[in-house]
Amino acid sequence: MSPYPQGPKRDTDTETPMPLNVPITEDMVRRLAPDDATWTKAEEIATSDRLLQPGVSADGTWLVADAKGSGKEPYHVSADFVDPNSPVLRSNSPSRQTPDKYGLALLLKYARQPDAFGPREPGDDLLAKREKKVAAEERKKFGPGAPRREKKSAADKQIAAQRDGLEVLDRLLVDLVGGGHWFEEGRVEKLERQAKSLGDAHLPAATHSLRKLLLLAKQKGIGDEDRQFLGAELIAQLWAIVQRGRAYLEGRLPPDETEAEADALIEDVLGRPWQSSELKDKGYWRAGLTLFELAYERTDDDSRQQRIEISNLIDLNSGEILQAIAYRPYKGLNPIPEQPSYTTPLTVAEAAIYPGFITRRVEWEKGAETIGRPSPAALDKAYGLAKTDFAAVVQQFREQLRHPLAPHDADFLIRAEHIGKIGDRQVVLEDATGNRIEAADRRKDYSNVGNLVRAAAMLGRERPAVLVRLFVQPVTNAIVALPLAALTPKHHLRLGL
Amino acid sequence: MAKEKDPLLEALIAAAAAGVDAGPATELKGKVATAPSELADAAGRLRAAEDDEAPAPLLELLAGAFHARLQRAEAGVKGNLEVVAEGGHWSTPMSAENLYLLVPETRPFAKKVKPEVQIEAIESATRLGTATDLRLLQIYLKHLEEKKEDAAVADAVAQHAIPAFGPPILPELWPSLGPDNRTFSAASKIDIQATLKRLTEKTPEKKAKGADKQSQVTKAVEKILEDAAEGGRVGPESLPILKLALKYAPEPSFRRKVAETLAGMGAAAAGEALPDLVDAFERTGFTRDYNLIRPMVVLGKESTDVADALIRALEDRDSTVRLMAAFNIGQMGEPAMKGLDTLEDVAERDPEPKVRDTALKTLNKLRARLEPVGVVPVDDASIAETE
């Protein structure tokens with residue numbers, strides 16, 4: 001076998017003294033290339049100015065650089081020489097070759113121009129990866145007798161798992177758009193395995209979106225075109241989650257985001273549940289709430305594997321719509337108490353108002369609420385707090401949609417001047433100036449809209465206030481309203497389950 | 001509402017769904033040249049990207065294009081708004097705790113609420129007046145569509161929950177009304193007249209389905225009788241459909257069941273249903289239906305119409321009809337006297353000895369009422385056999 005499988009030795013193959021502990025020759029690098037095409041591209045990159053800030057670590061075991069590619073941000077490229085005989089090349093470029101052209105280019109550049117490399121230390125994530133690899137090799141070598149390493153804190157472990165999870169997701173997304181055919185059997189099986197492995201990554205939003213993709217693959221009664229469209233939307237959403245997740249993990253605030261918005265998202269993106277003390281410190285706290293439940297919902301979310309119970313409340317002082325929510329996992333439903341439903345007004349001495357967008361979550365300590373007596377005045381007050389201008393409501397909702405990861409829904413209490421039908425299918429709410437919002441259902445097995453029509457027959461002439469959840473229908477891209485309750489100063493009808 | 005046209009997004013989705021590895025993304029790169037300014041940077045990088053790197057800017061563009069689309073989402077709908085007509089009275093008084101006992105589980109592999117618990121919930125809610133919760137109406141209506149005969153919760157809904165809403169609920173029931181389903185049971189409990197009217201109306205849909213009045217009526221009555229057999233009762237409110245059944249029911253055994261049900265209703269049925277019973281007896285075909293004789297007599301012992309019908313039946317082609325008529329005239333009251341001459345004739349000339357004997361016995365019985373002496377002796381054994 002030729003000692004030079006990738007071609008004859010070149011003039012540049014000279015061993016030059018370098019800060020790196022390991023001598024590298026161009027020939028050695030070439031032998032690492034998976035194919036000629038990758039080698040050619042690596043050569044191009046190495047001779048161009050696309051490798052930015054190349055550096056060597058002080059201990060001489062790392063080569064690190066950024067690489068300008070087709071991504072928005074430069075790729076991170078590194079070579080780990082902890083095992084001098086088997087360097088590990090890493091890169092977050094979308095290339096699916098190992099090693100990829102950027103990793104090879106990094107080595108090649110060093111082989112050709114070691115002087116171009118300044119001092120540069122690897123980031124924490126790279127160090128963590130090395131540590132993990134070394135530990136795995138020690139376990140492999142020594143078995144249970146492997147030397148014990150310093151224990152990491154739970155928080156550090158979680159961050160490491162999240163970093164790994166985001167990397168896996170990134171690869172997964174690249175693989176999805178690279179290979180296409182998302183809903184083919186083999187692909188779905190692979191996705192299922194990946195979704196399971198993400199279960200320990202503490203990335204709830206990403207895990208839920210991935211599960212939604214799997215559920216979409218299995219959903220019946222949906223056309224191929226719509227399935228593809230919805231699948232693409234989920235993939236796009238996952239991409240946005242990965243980008244935000246990386247930023248939050250690095251402690252960065254994305255440029256187009258306020259701190260309050262980041263606070264609202266971080267729980268779902270990075271699975272960091274808020275503690276009461278944190279919420280209080282950050283000002284997400286309110287005293288003296290007078291609440292009145294307008295609607296109560298119980299839904300089963302298969303992507304979250306949770307039963308979600310929501311008490312939709314109106315703050316009778318401010319008119320704000322708040323949600324008291326119980327998230328009850330399918331596995332372990334009983335230990336989590338049900339979200340109570342309230343048929344009379346209640347006062348709460350102090351409560352956390354979670355960071356969020358238009359509709360925010362409210363939570364109080366058990367027993368902090370005082371349940372009042374049935375009160376016609378509360379109903380009258382709630383009715384009076386309904387918003388009368390649909391255009392302003394829709395505009396407020398559209399403001400929320402400007403954030404890429406903001407929920408695609410929000411609750412409003414709106415006063416309908418008319419409720420009627422256009423043709424046989426469309427049920428429409430209209431305000432006094434003729435602005436309209438179409439009512440629509442989200443479930444297939446139950447119709448809140450059907451109940452709205454019944455309620456309108458009873459209350460229509462009294463200009464009822466209707467608690468609606470505005471949402472964007474994915475395929476039609478229309479802002480529509482899921483009716484949840486209808487009320488007048490004298491009557492209160494709940495419209496959904 | 002139709003799907004919004006977005007050529008850039010469609011091209012991106014098509015490329016991603018087919019997989020950019022499948023071939024050079026030349027066509028896509030051409031299309032992204034028209035990307036709006038906020039996506040121009042990513043579009044430029046996609047155009048410049050080598051094929052192995054195309055997924056990165058493609059994902060970015062896809063996310064950007066979806067987000068841009070979301071920004072264009074609009075509310076509102078055009079057209080003539082027809083305000084919902086006034087009517088109905090609804091309430092939602094049931095507590096969440098009880099409500100969800102009756103809401104079907106959607107969780108996979110969830111433990112379902114036991115039927116007996118649901119039935120108890122329905123019955124107690126009916127007693128407390130909370131069964132008529134608007135939120136449950138759709139669930140009740142789905143129960144009514146249950147095809148299985150053995151469905152205790154569906155039966156409880158038909159028997160208790162739906163009738164508790166009263167007449168305003170009837171329009172909600174009409175779309176699924178059939179003569180032999182639970183909707184019929186529920187609706188007939190609320191207003192049998194309206195239900196029958198609706199059932200026998202020939203709507204265009206029914207015509208299209210080829211459903212005829214006869215089978216509608218037959219099935220409806222079978223449902224009523226079935227409900228009655230399961231502990232219910234057939235009340236005067238069912239008289240109209242039973243009368244219709246006499247008119248349309250083709251099967252003798254079914255007519256007999258209807259006639260016996262009417263006989264069991266006693267005086268309530270006598271006034272209203274007797275003419276129909278007589279009519280059915282006389283117009284059932286080539287010969288009369290002897291199964292209707294006994295119910296006629298039970299309901300119309302003093303009816304001249306019944307007596308006349310039986311006297312005419314003494315000349316029926318069917319000897320069993322003649323035999324039964326001859327015997328039952330004897331069970332009647334005063335109007336039976338009109339039949340003396342015909343009975344005399346039958347007792348002498350009927351070709352069947354049993355008919356002749358029975359006619360003679362009835363004749364003697366009737367004469368005995370007038371003049372207790374001079375009775376002609378007859379063979380008791382042959383009479384007993386007739387009975």
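The values are calculated or read from the model by the stated rules, or taken from the named source; none is laboratory data. What you see is a predicted model, and the numbers here were worked out from it, not measured in a lab. A quick note on method: Cβ atoms are made from the backbone with ideal geometry, for glycine too, and the neighbour counts reach across all protein chains shown.
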- Would you mind finding the one in B:Leu144, B:Leu128, B:Leu134 that is at pLDDT below 95 and touching a Ser or Thr at 6+ places or on another chain (Cβ under 8 Å)? B:Leu144
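Going by the structure shown, is A:Lys421 modelled with pLDDT of 95 or more and more than 37 Å from the chain's Cα centre (by Cα)? Break it down into steps so the answer makes sense when it comes.
On the way: modelled with pLDDT of 95 or more: yes; more than 37 Å from the chain's Cα centre (by Cα): yes.
When the stated conditions are applied, A:Lys421 passes them.
Under the condition of being among the acidic types (Asp, Glu) and without any contact (Cβ under 8 Å) to a residue 60 or more places away in the chain, which residue from the stretch A:395-454 is farthest from A:Thr476 (Cα to Cα)? Don't jump to the end; show me each part of the working.
Residues of the stretch A:395-454 among the acidic types (Asp, Glu): A:399, A:409, A:411, A:417, A:424, A:430-431, A:438, A:441, A:445.
So of that shortlist, the ones also without any contact (Cβ under 8 Å) to a residue 60 or more places away in the chain come out as A:399, A:417, A:424, A:430-431, A:438, A:441, A:445.
Numbers: A:Glu399: 19, A:Glu417: 26, A:Asp424: 19, A:Glu430: 20, A:Asp431: 23, A:Glu438: 12, A:Asp441: 14, A:Asp445: 20 Å.
Ranking the qualifying residues of the stretch A:395-454, first place goes to A:Glu417.
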- Task: Mind telling me which of the residues A:Leu198, A:Leu238 ends up being of a type in the set (A, V, I, L, M), in a helix (DSSP H, G or I) and either more than 16 Å from the chain's Cα centre (by Cα) or within 17 Å of A:Asn92 (Cβ to Cβ) (or both)?
- Result: A:Leu238
- Query: Has the stretch A:76-93 got at least one residue that is assigned by TED's automatic domain parsing to the domain that holds A:Ala42, within 18 Å of A:Asp164 (Cβ to Cβ) and touching a residue at least 60 places away in the same chain (Cβ under 8 Å)?
  - Reply: yes
- Message: If I ask for residues that are under 14 Å from B:Ala54 (Cα atoms) and away from every other protein chain (no Cβ under 12 Å), which ones from the stretch B:7-30 would you list?
- Response: B:Pro24, B:Thr26, B:Glu27, B:Gly30
- Subset of the stretch A:459-497 [within 9 Å of chain B (Cβ to nearest Cβ), under 15 Å from A:Leu379 (Cβ atoms) and in contact with a Phe, Trp or Tyr (Cβ under 8 Å, 6 or more places away or on another chain)]: A:Leu493, A:Arg494
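I'd like the full set of residues that are of a type in the set (Asp, Glu), surrounded by 17 or more Cβ atoms within 10 Å (Cβ to Cβ) and closer than 23 Å to B:Glu334 by Cα, limited to the stretch B:249-297. Don't jump to the end; show me each part of the working.
Filtering the stretch B:249-297 for residues of a type in the set (Asp, Glu) gives B:251, B:260, B:272, B:276, B:279, B:282, B:289.
From what's left, surrounded by 17 or more Cβ atoms within 10 Å (Cβ to Cβ): B:276, B:289.
The one that is of a type in the set (Asp, Glu), surrounded by 17 or more Cβ atoms within 10 Å (Cβ to Cβ) and closer than 23 Å to B:Glu334 by Cα: B:Asp276.
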- Item | Those residues of the stretch A:299-323 which are free of Cβ contacts under 8 Å to residues at least 40 places away in the same chain and hydrophobic (A, V, I, L, M, F, W, C), in sequence order | A:Ile308, A:Ile310
- What is the one condition in (1) more than 26 Å from B:Thr92 (Cβ to Cβ); (2) surrounded by fewer than 20 Cβ atoms within 10 Å (Cβ to Cβ) that A:Ala352 does not satisfy? (2)
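Any idea which of A:Gly223, A:Gly288, A:Gly251 is surrounded by fewer than 17 Cβ atoms within 10 Å (Cβ to Cβ), among the small types (Gly, Ala, Ser), over 18 Å from A:Val177 (Cβ atoms) and modelled with pLDDT under 90? Walk me through how you get there before you give the answer.
Working: A:Gly223 fails: modelled with pLDDT under 90; A:Gly288 fails: modelled with pLDDT under 90.
Exactly one of A:Gly223, A:Gly288, A:Gly251 is surrounded by fewer than 17 Cβ atoms within 10 Å (Cβ to Cβ), among the small types (Gly, Ala, Ser), over 18 Å from A:Val177 (Cβ atoms) and modelled with pLDDT under 90, namely A:Gly251.
Take the conditions within 16 Å of A:Val472 (Cβ to Cβ), within 7 Å of chain A (Cβ to nearest Cβ) and either surrounded by fewer than 15 Cβ atoms within 10 Å (Cβ to Cβ) or out of contact with any helix residue (DSSP H, G or I) (no Cβ under 9 Å at 6 or more places or on another chain) (or both) and apply them to B:Glu74. Does it pass?
Details: within 16 Å of A:Val472 (Cβ to Cβ): yes; within 7 Å of chain A (Cβ to nearest Cβ): yes; either surrounded by fewer than 15 Cβ atoms within 10 Å (Cβ to Cβ) or out of contact with any helix residue (DSSP H, G or I) (no Cβ under 9 Å at 6 or more places or on another chain) (or both): yes.
Considered against the rule, which asks whether it is within 16 Å of A:Val472 (Cβ to Cβ), within 7 Å of chain A (Cβ to nearest Cβ) and either surrounded by fewer than 15 Cβ atoms within 10 Å (Cβ to Cβ) or out of contact with any helix residue (DSSP H, G or I) (no Cβ under 9 Å at 6 or more places or on another chain) (or both), B:Glu74 comes out as yes.
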- Message: Quick check on the stretch A:105-126: of everything there that is closer than 13 Å to A:Glu43 by Cβ and of a type in the set (A, V, I, L, M), which residue is farthest from the chain's Cα centre (by Cα)?
- Response: A:Ala111
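This table checks each residue for (1) surrounded by fewer than 18 Cβ atoms within 10 Å (Cβ to Cβ); (2) modelled with pLDDT of 95 or more; (3) outside any helix (DSSP H, G or I).
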| position | (1), (2), (3) |
| --- | --- |
| B:Glu10 | yes, no, no |
| B:Ala15 | no, no, no |
| B:Glu38 | yes, no, no |
| B:Ala42 | no, no, no |
| B:Gly79 | yes, no, yes |
| B:His89 | yes, no, yes |
- Exception for B:Asn80 within (1) out of contact with any Phe, Trp or Tyr (no Cβ under 8 Å at 6 or more places or on another chain); (2) facing chain A (nearest Cβ under 7 Å); (3) over 28 Å from A:Phe397 (Cα atoms) falls at (3)
- Within the stretch A:41-80, the count of residues that are more than 20 Å from A:Pro114 (Cα to Cα) and either loosely packed, with under 14 Cβ neighbours inside 10 Å or among the acidic types (Asp, Glu) (or both) comes to 2
- Message: Tally up the residues in the stretch A:415-444 that are more than 14 Å from A:Ala391 (Cα to Cα) and either in a strand (DSSP E or B) or facing chain B (nearest Cβ under 7 Å) (or both), please.
- Response: 10
- Query: When you go through (1) more than 7 Å from chain A (Cβ to nearest Cβ); (2) farther than 28 Å from B:Thr126 by Cβ; (3) among the charged types (D, E, K, R); (4) not in a loop (DSSP other than H, G, I, E, B) one by one for B:Glu97, which number turns out not to apply?
  - Reply: (2)
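If you go through the stretch B:112-150, how many residues are part of a loop (DSSP other than H, G, I, E, B), without any contact (Cβ under 8 Å) to a residue 24 or more places away in the chain and more than 14 Å from chain A (Cβ to nearest Cβ)? Can you show your working first?
First pass over the stretch B:112-150, keeping only residues part of a loop (DSSP other than H, G, I, E, B): B:112-114, B:129-132, B:145-150.
Remaining after also requiring without any contact (Cβ under 8 Å) to a residue 24 or more places away in the chain: B:112-114, B:147-150.
Checking the rest, the ones that are also more than 14 Å from chain A (Cβ to nearest Cβ) come to B:114, B:147-150.
The qualifying residues number 5.
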- the stretch B:1-30 residues that are within 18 Å of A:Asp224 (Cβ to Cβ), paired with ones that are at pLDDT below 80 (beta carbon under 7 Å, 6 or more apart): B:Ala15/B:Ala25
- For A:Phe397, the lone unmet condition from (1) out of contact with any Phe, Trp or Tyr (no Cβ under 6 Å at 6 or more places or on another chain); (2) more than 9 Å from every other protein chain (Cβ to nearest Cβ); (3) within 28 Å of A:Glu259 (Cα to Cα); (4) assigned to a helix (DSSP H, G or I) is (2)
- Of the residues A:Gly367, A:Gly332, A:Gly283, A:Gly319, which is out of contact with any helix residue (DSSP H, G or I) (no Cβ under 6 Å at 6 or more places or on another chain), assigned to a loop (DSSP other than H, G, I, E, B) and within 30 Å of A:Glu250 (Cα to Cα)? A:Gly283
- Mind counting the residues in the stretch B:103-121 that are closer than 20 Å to B:Ala161 by Cα, surrounded by 15 or more Cβ atoms within 10 Å (Cβ to Cβ) and in contact with a strand residue (DSSP E or B) (Cβ under 9 Å, 6 or more places away or on another chain)? 1
- Query: Before we move on, is A:Leu289 assigned to a strand (DSSP E or B) and over 21 Å from A:Gly165 (Cβ atoms)?
  - Reply: yes
- Task: Kindly provide the set of residues from the stretch A:213-233 that are among the charged types (D, E, K, R) and farther than 20 Å from B:Ala18 by Cα, ordered by number.
- Result: A:Lys220
- Task: For the stretch B:356-372, enumerate the residues that are within 17 Å of B:Ala336 (Cα to Cα) and not basic (Lys, Arg).
- Result: B:Thr358, B:Ala359, B:Leu360, B:Thr362, B:Leu363, B:Asn364, B:Leu366, B:Ala368, B:Leu370, B:Glu371, B:Pro372
- Among the residues of the stretch A:54-97, which ones are of a type in the set (A, V, I, L, M) and within 14 Å of another protein chain (Cβ to nearest Cβ)? A:Ala67, A:Val77
- Task: May I ask you to list pairs of residues, at least six apart or on different chains, whose Cβ atoms are under 8 Å apart, with the first in the stretch B:330-359 being assigned to a loop (DSSP other than H, G, I, E, B) and the second being among the basic types (Lys, Arg)?
- Result: B:Gly330/B:Lys361; B:Gly330/B:Lys365; B:Gln331/B:Lys301; B:Met332/B:Lys301; B:Gly333/B:Lys301; B:Asp350/B:Arg322; B:Asp350/B:Arg356; B:Glu352/B:Arg322
